[in-house]
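Novice: Sharing a structure here in structure tokens format.
Readers should treat all values here as calculations from the given coordinates under stated rules, not as data from a laboratory. As the structure is a computational prediction, the values presented were derived from the model and not from experiment. When we count neighbours, we look across all protein chains shown, and the Cβ atoms used for this are built from the backbone with ideal geometry, even at glycine.
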Amino acid sequence: MEAFEPLLNGLFNFALYFGLSLVALLLFKFLYTLFTPYDEWALVKNQNSAAACALGGAVIGFSIALGSAASNSVSLMDFAVWAVVALVAQIIAYFVVRMFMPLVSQRIQDNETPAGIVLGAVSIAIGILNAASLTY
């Protein structure tokens, strides 16, 4: 039975990190959509490809950073702190895109796919950079 103890401990830690990751992902979706002037879910449900690209990129970018935080953190508290940093980085990415493309929100609402792709791509790029910066 002692041989299974490390495995069970590993499964417990996996469940903690995975569960906290899912909570962080849901929290991210909720908070991120508060900063955008449109309802992404409603737009996606109405076949808006631009909104799907933008929101999908943000979720992927956040998840990339979150994965790095999970694999590099030394504790759940450390992980939670870096998850918040990743969330803030994604929100900043949205506002940076708005600086260079002031009408991005309107263009996404109008289902202009290129605007959604640019926002989604920047979000993924920020997630990758964030993930790389989380190593220590």
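Novice: Only residues that are touching a residue at least 12 places away in the same chain (Cβ under 8 Å) and either closer than 15 Å to residue 95 by Cβ or crowded, with 17+ Cβ neighbours inside 10 Å (or both): list them for the range 39-49, please.
Specialist: 40, 43, 48
Novice: Being touching a residue at least 60 places away in the same chain (Cβ under 8 Å), in a helix (DSSP H, G or I), out of contact with any strand residue (DSSP E or B) (no Cβ under 6 Å at 6 or more places or on another chain) and surrounded by 14 or more Cβ atoms within 10 Å (Cβ to Cβ) narrows it down to one residue among 93, 89, 70, 52; which is it?
Specialist: Within the list 93, 89, 70, 52, the selection yields 52.
Novice: Within the range 31-49, work out how many residues are more than 11 Å from the chain's Cα centre (by Cα) and assigned to a helix (DSSP H, G or I). Explain how you work it out, then say what you get.
Specialist: Pass one, the range 31-49, residues more than 11 Å from the chain's Cα centre (by Cα): 33-49.
Still in the list and also assigned to a helix (DSSP H, G or I): 33-35, 40-45, 49.
Adding up the residues that qualify gives 10.
Novice: Filter the range 106-136 down to residues that are touching a Ser or Thr at 6+ places or on another chain (Cβ under 8 Å), assigned to a helix (DSSP H, G or I) and surrounded by fewer than 19 Cβ atoms within 10 Å (Cβ to Cβ), then give me how many there are.
Specialist: 2
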